[in-house]
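Reviewing the structure listed below.
Just so it is clear, none of the values below were taken in a lab; they were calculated from the coordinates. Since we're looking at a predicted model, the values are computed, not measured. Cβ atoms come from the backbone with ideal geometry, glycine included; neighbour counts cover every protein chain shown.
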């Protein structure tokens, strides 16, 4: 097993409304999606964002897109227009998610690099 940050396996899109953050984690390849589904859970995302004290993390699976969508409540310091912290918006927090390390079998990493993805 190797430890890789999510940005090596996926990219993200984000949006925010009020005090709710929506992050989609999209695998670079469909072969990586089952690994993300297994390792990036509601619990691991809640723990990764614990310093922001989210009240709820809900994950939606989008297998045909090889993506996971996370809706995270009460993470934006009251909302973008109320927050004194300029870096608490969705895009910045999506980069924080991509910095999360997960355990990855070496054969997935090797096959990914050999395939040119």
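Once both labels are modelled 7 Å past Cα along the beta-carbon direction, what's the residue 38-residue 65 spacing in nm?
In this crude spin-label approximation the distance works out to 2.4 nm.
So how far apart, in nm, are the two label points at residue 28 and residue 95 if each is 7 Å from Cα heading toward Cβ?
A separation of 1.9 nm, rounded to one decimal place.
Modelled label-to-label distance, residue 47 and residue 106, 7 Å Cα→beta-carbon offset: nm?
Each label point lies 7 Å from its Cα, and together they span 2.5 nm.
Expressed in nm to one decimal, what extension gain is obtained for the pair residue 58 and residue 17 from 0.36 nm per residue of sequence separation less their Cα-Cα distance?
Contour length minus Cα-Cα distance gives 13.2 nm.
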